[in-house]
Amino acid sequence: MWIARVRSSRTTRESPDRSHVPTVVIGWRRRPGDRVIRPRIRQHRLRRVLGTSALYGIGYGNVGSSIYYALGLTALAAAGATPVALALAGLFFVCTALTYSEGMAAFPEAGGSAVFARHAFNELVAFIAGWSLMLGYVVAISISAFTIPAYLGYFVPALKESLPLGIVVAMGVVAGLTVLNVIGVRESAFVSVLAALLDLVTQVTLVVLGFLLLLEPERLWRNMVDYWPDTTQFLYGISVAMVAYVGLESVAQVAGEARAPGRRLPQAMGLVVASVLVIYGGVSLVALSAMTPAELSTTWATDPVAGIAASMPAEWLRATLAPLVAILAASILLIATNAGILGVSRLAFSMSQHQHLPGLLSRVHPRFRTPHVAIVACSLGAVGVLVPGFGGGQVFRDLGALYGFGALLAFCLAHASILALRLQRPELARPFRLGVSLPFRGRRLPVTALVGLVGTGLIWLVVVVEQPYSRGVGLAWLAVGLLVYVVYRRVNRLPLLRPAPAAARPSPLAPLPPGERGRGG
C-alpha cells in the first residue's frame, strides 16, 4: 500500500532546500497480500555530476581565457595604464565573485543573476537580468572562437591574416562544441578541466620567465608614464578591462548540475578568483616590459600573449614558447567557447522553465539528459554574431565592447539582488555568507556587494556613453527582449511581474526514458 509522510526539507547537509517548506514524500510499504508493483517517476532534470575541479575548469576556462584577448583590448583604451585598469577591474571582479558565491550557495540552480533577481524582485527584473546576460554569453562565445585562429596563425599565417578565413574557422569551432555539449556535460567538463590545467601551468611558466628575463622596472615605468591616457580614456579602459572578468557567470549557469552546491560552488569560485588575479597581474606587467602599449594594441592586439613569447631574449626559448603558447592559447579559448555554450544554454533552459522564453528551450534530450534545443539555438546566435565580420570593419573591437554591455548590467542586478535579499529575507539559509557588512535598518548589508553595485554600475554607464556600437546594439537587444517578453506573457495570459502559475509551467516530471535505469539524476 502507499503511504505519505511529511519530512523537513533540511534533511541533508549536502543538498539542502533553501525554502524550508515541508516536503510530502510518497513511500511504499509492503503489506501481506500486496503485489510488488513500484511505479517509477523521476524528475525531468539535469544531472548533478560536477565537482569542484569540473566547476573550476569551467570557470577558469571562461575567465582565464580572456587574458588572451582582453590584454590587447584594454591596451587599445588604457594604453600605459593597462596594468592599473586591470587591477581596478579586478577589485570589482572580487566583489562580484563573492556576491555570486552567496547567491549560488543559497539558490543552486541555473540562471545566475536572473535567479537572484527573481527571488529578490520580480519576474520582469529576472528577465532583464537573464536577457542581458544572454547577450554577453553569445558575444563571449563568438569572440573566444574568433581569437583562436589568430593564435593558430603561428602555424598557418593565413588564419591571422585573412579575416574571412578566421571567421569560417571560428564558426566551425562553435559547431563542433555544440555537438560535444549535446552529448553530455560530463564529457565537455572533462575537456574543460584538462585544458584549463595545462594552460594554467603554461601561463605560470610564462609569467615566471617573464619576470626573470623581460621585466625591467625602468622600462615598465617609462612605458606607463609616456603612454598614460587622459581621465576619460582611463575610465573607459577600466570598463574594457572588465571584459577580462565577465566569464565568472559560467559557474552559476551549471549550479544546478553541481554536487554539494553549498560547499563546492564557493570553493570553485574562490580558486578561480585567486588564479585569475595572479595570472592577470603578472602577464600585464610582463607585457608592458616586453612591448610598448602601441605595439601591444596593434601588432599583438588579437594575440598579446604570443607577443610576450616572441619577445623572449633567447632564440631557443622563443622557438620553444611560441608554438606552445599558440597551441595552449587556442586550447583555453576553445574551452572558453565551450563554457560559454554550456552557460548560455543552461540560462536559456532556466528562462524557458520560468516562462520567459518558449517551452521548447527547456526540453532535455531523452538519452544524453542535456538541454539540446537550448544548446543548438544559442550556438546559432553566436554564429550569427560573427556574420557581420565578413564585411570587414573593426569586428574585434566591436565584439569586445559589446561583450561587457550585457554582463555588466547583469552584475549590477546581481549585487542589487543580494542586498535586497539581505533586507527582505534575513532568515534565508546561506551556506556561504559575505563577511564584512554594515548595519542598515536592523539588517547587515555586505560591503563587497555595495562596492560591486556602485562600481559595475558606473562602468556600465561608461560603456553606454563612450561606445556607440555597444550602446546601439545593446539597447536594441534590451528593447526587443522586453517586447518579446511582454507579448509572450500576454498571449499566454501570464502575469508580467509575478511567477507563472504552476499549471502553466513545463512539468518537472516525466516518465523515465527506456534504458535510463541506473543513470545519474
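Structure above, values below:
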{"read-out": "Close pairs from the range 431-447: first among the charged types (D, E, K, R), partner surrounded by fewer than 17 Cβ atoms within 10 Å (Cβ to Cβ), Cβ under 6 Å, at least 6 apart", "value": "Arg443/Leu423; Arg443/Pro426; Arg444/Ser437"}
{"read-out": "Long-range neighbours under 8 Å by Cβ, at least six apart or interchain, first residue open to solvent by less than 10 Å² (accessible area, probe 1.4 Å) within the range 299-315, second acidic (Asp, Glu)", "value": "Gly307/Glu295"}
{"read-out": "Hits in the range 147-171 (condition: in contact with a Pro (Cβ under 7 Å, 6 or more places away or on another chain), open to solvent by 40 Å² or more (accessible area, probe 1.4 Å) and under 30 Å from His365 (Cβ atoms))", "value": "Val169"}
{"read-out": "Which listed residue is assigned to a helix (DSSP H, G or I), open to solvent by less than 10 Å² (accessible area, probe 1.4 Å) and closer than 22 Å to Met351 by Cα, from Val115, Val174, Val125", "value": "Val115"}
{"read-out": "Within the range 72-112, considering residues that are open to solvent by 20 Å² or more (accessible area, probe 1.4 Å) and β-branched (Val, Ile, Thr), the one nearest to Leu450 (Cα to Cα)", "value": "Val94"}
{"read-out": "When residues of the range 274-284 are limited to those that are open to solvent by less than 20 Å² (accessible area, probe 1.4 Å) and under 13 Å from Tyr60 (Cα atoms), the one nearest to the chain's Cα centre (by Cα)", "value": "Val276"}
{"read-out": "Any chance Ala339 is closer than 24 Å to Ala196 by Cβ, small (Gly, Ala, Ser), touching a residue at least 12 places away in the same chain (Cβ under 8 Å) and crowded, with 24+ Cβ neighbours inside 10 Å", "value": "yes"}
{"read-out": "Inter-residue pairs, beta-carbon under 7 Å, first closer than 16 Å to Ile128 by Cα and in the range 349-371, second aromatic (Phe, Trp, Tyr) and surrounded by 24 or more Cβ atoms within 10 Å (Cβ to Cβ), 6+ apart", "value": "His356/Phe127"}
{"read-out": "Residue in the range 247-262 that is modelled with the lowest pLDDT, counting only those that are on the phi < 0 side of the Ramachandran plot and open to solvent by 10 Å² or more (accessible area, probe 1.4 Å)", "value": "Gly256"}
{"read-out": "Some residue of the range 381-395 being out of contact with any helix residue (DSSP H, G or I) (no Cβ under 9 Å at 6 or more places or on another chain), surrounded by fewer than 20 Cβ atoms within 10 Å (Cβ to Cβ) and farther than 25 Å from Val169 by Cβ", "value": "no"}
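Table: residues versus (1) more than 23 Å from Pro108 (Cβ to Cβ); (2) outside any loop (DSSP other than H, G, I, E, B); (3) within 17 Å of the chain's Cα centre (by Cα).
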position: Ser352; (1), (2), (3): no, yes, no
position: Leu357; (1), (2), (3): no, no, no
position: Ile375; (1), (2), (3): no, yes, yes
position: Leu380; (1), (2), (3): yes, yes, no
position: Gly384; (1), (2), (3): yes, yes, no
position: Leu428; (1), (2), (3): no, no, no
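The values are calculated or read from the model by the stated rules, or taken from the named source; none is laboratory data. Computed from a prediction, not measured in an experiment: that's the story for all the values here. Using ideal geometry, Cβ is built from the backbone for each residue, glycine included, and neighbour counts are taken over all protein chains shown. The protein model used for the area step is the full one, side chains on, heavy atoms only, and it has no ligands, DNA or RNA in it. Shrake-Rupley method; radii C 1.70, N 1.55, O 1.52, S 1.80 Å.
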